[in-house]
Amino acid sequence: MSDKRITSFAWNFLENIATQGIQFFVGILMARLLTPKDYGLIGILMVFITISTVIMDAGFFKAVMQKSNRTDDDFCTVFFFNVTTALVFFVVLCLCAPLIADFYNEPILSPLTKVVALQLVINSAILVQRAKFSIAMDFRTQAHITIVAALIQGATGVTMAFCGFGVWSIAWSGVVGALVNCILMWYYGKWRPRWRFSHSSFKEMFTFGSKLLASSLIDVTWKNIYPLIIGKMFSPIELGYFSRASHYVKLPSTTFSGVIDRVTFPLLCKVKEDNETLNRQFCILFKLSAFIFFPLMAGFAVLAKPLIILMITAKWAPCIIYLQILCCGFVLYPIHALNMNLLQVKGLSELFLRLELIKKVIDVIALLITVTMGVKEMCIGLAVTSYISWGINAYYSGKIIHIGLWNQIVLVAPTALYTFLMCCCIEGVKQLSDSYFVQLFGGFAVGVAAFYLICRLFKSNELTFMLEKVKGQIGKSSRNQQKD
């Protein structure tokens, strides 16, 4: 990969790591100050917000990114469509707020819905700005903006929680974070909309984007049906435990899969006509994704108990088992992102949609089997279907660039072995002491050292590649400083 691509990947990775790291530590403080029910109530509302966001986007972000001959009319069309759609959904959610509150028998959900829904309108104004930055591969500016917004959002949430605002601290901090992000995006972004809306441009992009919209809507609705069911069939408190477990697992999984999605899509689009180069780039990204993500998620699962107890106290202990099970399924998220990006790069949005429908049928079967058993069994169902989805996605990757499921298993098998041996070392440390502090920090130190030494022992190509790139970037920075 070129230096620009490595730099783009690094900045996007830094943005996600820093943002999620901020949210992680802020979440620790707020979880200590708030209750599982507070998080359960927000978990219910985020279902509606997330689904509305997907419809608002309508696949236009990927459509305008994938389009080769973009014009200003395209960007203006996307902008006005998104803002109008967001305003419509804001009004709809405000009108439906009392119904949501009655359905869950929680009166506070009515005013809470109206506050949380403000994020829809604010976020709709930055989609084109994000697309512009991504097309230019300017992930450095995006990183600065996102990190600043996350810091201000976190400070707002912790301050309000400390002052006793309860669930409102989560709601208003989200609005503040979205507003800061929007202001900075417009300040640093060069693009400004003109009063234009092209019907031909809309039709062209919607033809591509509508398939992605349908598949994304199916996927997001499905992912959020669990909070709806748990909140109704069990309780907001049980949903709070599930939401915290899901949140902590999604921090690394969605962070890295988000990097994969945002960086590899424009990267692979540049070589989409050259299958040989596309194949080579895909293999490099695939192995690197597994090399970084497998040990991260495995270590998270093994150290889940001391981590949760020390971070957010024993009152959250019931979420530990949920977290460990979900880690087993979410470990494949970056792999899913790469496989599905390949379809979008090739313009196969119809196949993308068809695969989502097939996978969701399997997911529904798993839900129907596990829903009456309990939340733990529902988490197991989620993990199992993740592996089935990998098989389905990989089958079609094999059709496109001849890297099917078996080839992908071979690509990640060495990293899976290194990760297993690392987990054995961490588990050994846990058996030496009953102190959660020793288990967490001792296990983490031993895990990092063990993974590095095991990779050196087996002469891992991924480790060599990453070390060479790091040394190259350090050397480049040193030379630039000497010139200055």
Requested in this report: Using the structure shown, decide if A131 is of a type outside the set (F, W, Y) and either over 20 Å from F48 (Cβ atoms) or modelled with pLDDT under 90 (or both).
Outcome: yes
Query raised in the report: Cβ-Cβ below 6 Å, separation at least six or inter-chain, first residue in the range 107-121 and over 14 Å from L41 (Cβ atoms), second open to solvent by 40 Å² or more (accessible area, probe 1.4 Å) and of a type outside the set (D, E, K, R): which pairs?
Result: A117/F90; L120/F89; L120/F90; V121/F90
Requested in this report: Report, by residue number, each residue of the range 324-335 that is in a helix (DSSP H, G or I), at pLDDT 85 or above and open to solvent by 10 Å² or more (accessible area, probe 1.4 Å).
Outcome: Q324, I325, C328, F330
Requested in this report: Collect the residues in the range 298-318 that are open to solvent by 20 Å² or more (accessible area, probe 1.4 Å) and more than 19 Å from the chain's Cα centre (by Cα), keeping them in residue-number order.
Outcome: V302, K305, L307, I309, L310, T313, A314, K315, A317, P318
Query raised in the report: For the range 355-462, which helices (runs of 4 or more DSSP H) that fit wholly inside it have 1 or more residues that are open to solvent by less than 30 Å² (accessible area, probe 1.4 Å), in contact (Cβ under 8 Å) with a residue 24 or more places away in the chain and among the charged types (D, E, K, R)?
Result: none
Report task. Filter the range 111-130 for residues that are open to solvent by less than 20 Å² (accessible area, probe 1.4 Å) and either over 20 Å from V180 (Cβ atoms) or touching a strand residue (DSSP E or B) at 6+ places or on another chain (Cβ under 8 Å) (or both) and give the result. Result -> L112, T113
Report summary line: Of (1) open to solvent by less than 20 Å² (accessible area, probe 1.4 Å); (2) of a type outside the set (D, E); (3) modelled with pLDDT of 85 or more, I321 satisfies every one except (1)
Query raised in the report: Restricting the search to the range 131-173, which residues are within 18 Å of T35 (Cβ to Cβ), of a type in the set (G, A, S) and in a helix (DSSP H, G or I)?
Result: G157, A161, S169, A171, S173
Query - Lone qualifier among M56, M46 - being out of contact with any Asp or Glu (no Cβ under 8 Å at 6 or more places or on another chain), at pLDDT 80 or above and part of a helix (DSSP H, G or I) - result: M46
Query raised in the report: Of the residues I147, I122, which single one is under 21 Å from the mean Cα position of the chain (by Cα) and under 17 Å from I55 (Cβ atoms)?
Result: I122
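Just give me the residues in the range 290-331 being within 15 Å of E427 (Cβ to Cβ) and either among the aliphatic types (A, V, I, L, M) or without any contact (Cβ under 8 Å) to a residue 60 or more places away in the chain (or both), in sequence order.
Passing the criteria: A298, F300, A301, V302, L303, A304, L307, Q324.
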Query - Filter result (in contact (Cβ under 8 Å) with a residue 40 or more places away in the chain and either in contact with a Pro (Cβ under 9 Å, 6 or more places away or on another chain) or over 20 Å from Q20 (Cα atoms) (or both)) within the range 148-170 - result: F162, G166, V167, W168
Report task. Among residues belonging to the range 131-146 that are surrounded by 17 or more Cβ atoms within 10 Å (Cβ to Cβ) and hydrophobic (A, V, I, L, M, F, W, C), point out the one that is nearest to F79 (Cα to Cα). Result -> A131
Report task. Kindly provide the set of residues from the range 72-86 that are among the polar types (S, T, N, Q) and within 12 Å of V121 (Cα to Cα), ordered by number. Result -> N82, T84, T85
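Of these, L151, L213, which one is modelled with pLDDT of 80 or more and of a type outside the set (F, W, Y)?
On inspection, the qualifying residue turns out to be L151.
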Report task. Output the number of the condition that Q344 fails; it satisfies all remaining conditions of (1) surrounded by 18 or more Cβ atoms within 10 Å (Cβ to Cβ); (2) at pLDDT below 90; (3) within 30 Å of I237 (Cβ to Cβ). Result -> (3)
**Report entry** Close pairs from the range 27-46: first touching a residue at least 12 places away in the same chain (Cβ under 8 Å) and open to solvent by less than 20 Å² (accessible area, probe 1.4 Å), partner among the β-branched types (V, I, T) and outside any helix (DSSP H, G or I), Cβ under 7 Å, at least 6 apart
**Finding:** L41/I108
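The values are calculated or read from the model by the stated rules, or taken from the named source; none is laboratory data. Please read these numbers as outputs of a predicted model, since none were measured by experiment. FYI the Cβ positions are ideal-geometry reconstructions off the backbone, even for glycines, and counts take in every protein chain you see. For the accessible areas, the whole protein counts, side chains as well, though only heavy atoms, and no ligand, DNA or RNA atoms are used. Shrake-Rupley method; radii C 1.70, N 1.55, O 1.52, S 1.80 Å.
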